[in-house]
Amino acid sequence: MSLERSQLEQLSDLVAETKALLLAEKARGVLYLPVSSEGNLGDLSAEVSVSQSAPSDAAYKHKKTSYSPRRKSEPKADVASRNITDIVVPSALKGLYEESRDCTNCINCNERKNVVFGEGSLDSDLFIIGEAPSAIEDMRGKPFVGPIGEMLNKMLVNVLGLTRDKVYLVNAVKCRVRGGKAPGADALHACNSYTRRQIDIVKPKVILCLGDSAAKVVLKESRGVEEMRGTWHSYGEVPVLVSYNPAHLLKHPEFKRMVFNDLKILSSKYDEVGGVK
């Protein structure tokens, strides 16, 4: 049986995200998953939460048309609640954070474990926007974690001379998209206000958009990264640079040189506007 290119890409995404989840569990001290005598996954302890069955297509279609959020009385998976205790939201952003947690403006409210609001300091001069939360970001409630985060951290240190705590990080959409797909127009529209208000509160000196979705939210552009990278754009008076997302680089390492060149351009601008390192 042959697979379409889109199916192969989705399968590749699933494999990458599964690896990321296993690495995260290993980092927390979970070294193996119990296996029953029949060769299947046995009863898992509180360390790991596994869904027993996926929703049917009919159930998903029903959810898609209703946008019914999870009822307040329904507990979230242990794996979600266990990993969000270390999220720190600056006081100036707490109201917006609480608003985003209750958001039901698109179908993705039914797919998320956690809202991935953002992370960083209000003093950040560099505001970085990704695309949509990966499985591990959804689980931990933080943007740019797992292999994607590791790559971004190296990019920041090696090219810009910045550590993660010196920048503010968000995604173009706050909720995990079903199947790890690129966010649709409805999701981008639903999250547009949150991202723009975050920018207005943080007041960065430079914005870096990593991926098509980020550029669409900030610049309202229909063009892709390949057409927009290497040139400065603007959000009001704030200079904006567009480049490829680390997730894209994990699949296509041949693009790393392009991103390196983009970050060198960004570094020069960051110094020019007096960005703090």
**Among the residues listed as Leu152, Leu96, the single one being part of a helix (DSSP H, G or I), crowded, with 22+ Cβ neighbours inside 10 Å and at pLDDT 95 or above** = Leu152
**Request:** Please tell me if Phe144 is closer than 30 Å to Met258 by Cα, in contact with a Pro (Cβ under 7 Å, 6 or more places away or on another chain) and hydrophobic (A, V, I, L, M, F, W, C).
**Result:** no
**Prompt:** Could we say that Phe127 is of a type outside the set (Gly, Ala, Ser), assigned to a loop (DSSP other than H, G, I, E, B) and at pLDDT 95 or above here?
**Reply:** no
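What's the total number of residues in region 158-193 that are hydrophobic (A, V, I, L, M, F, W, C), within 21 Å of Lys220 (Cα to Cα) and more than 12 Å from the chain's Cα centre (by Cα)?
Looking only at that region, the number is 5.
Yes/no per residue for (1) crowded, with 17+ Cβ neighbours inside 10 Å; (2) under 18 Å from Pro133 (Cβ atoms); (3) modelled with pLDDT of 95 or more; (4) polar (S, T, N, Q):
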{"site": "Pro75", "(1), (2), (3), (4)": "no, no, no, no"}
{"site": "Val79", "(1), (2), (3), (4)": "yes, yes, no, no"}
{"site": "Arg82", "(1), (2), (3), (4)": "no, yes, no, no"}
{"site": "Asp86", "(1), (2), (3), (4)": "no, yes, no, no"}
{"site": "Ser91", "(1), (2), (3), (4)": "no, no, no, yes"}
{"site": "Arg101", "(1), (2), (3), (4)": "no, yes, no, no"}
{"site": "Asn108", "(1), (2), (3), (4)": "yes, yes, no, yes"}
**Fill in**
Cβ pairs under 9 Å, 6+ apart or interchain, first in region 93-104 and touching a residue at least 12 places away in the same chain (Cβ under 8 Å), second among the charged types (D, E, K, R) and part of a helix (DSSP H, G or I), ordered by first then second residue, are Leu93/Arg197; Leu96/Arg197
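Residue under question is His252, and the condition is that it be surrounded by 17 or more Cβ atoms within 10 Å (Cβ to Cβ) and either within 23 Å of Ile136 (Cα to Cα) or touching a Ser or Thr at 6+ places or on another chain (Cβ under 7 Å) (or both); does it hold?
Values: surrounded by 17 or more Cβ atoms within 10 Å (Cβ to Cβ): no; either within 23 Å of Ile136 (Cα to Cα) or touching a Ser or Thr at 6+ places or on another chain (Cβ under 7 Å) (or both): yes.
Judged against the criteria, His252 is not a match.
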**Message:** Give me the residue from region 155-177 that is outside any loop (DSSP other than H, G, I, E, B) and not hydrophobic (A, V, I, L, M, F, W, C) and, out of that set, surrounded by the most Cβ atoms within 10 Å (Cβ to Cβ).
**Reply:** Asn171
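The values are calculated or read from the model by the stated rules, or taken from the named source; none is laboratory data. Just so we're clear, the structure is a prediction, and the values are computed from it rather than from any experiment. Methodologically, a virtual Cβ is constructed for each residue, glycine included, from the backbone with ideal geometry; neighbour enumeration extends over all protein chains shown.
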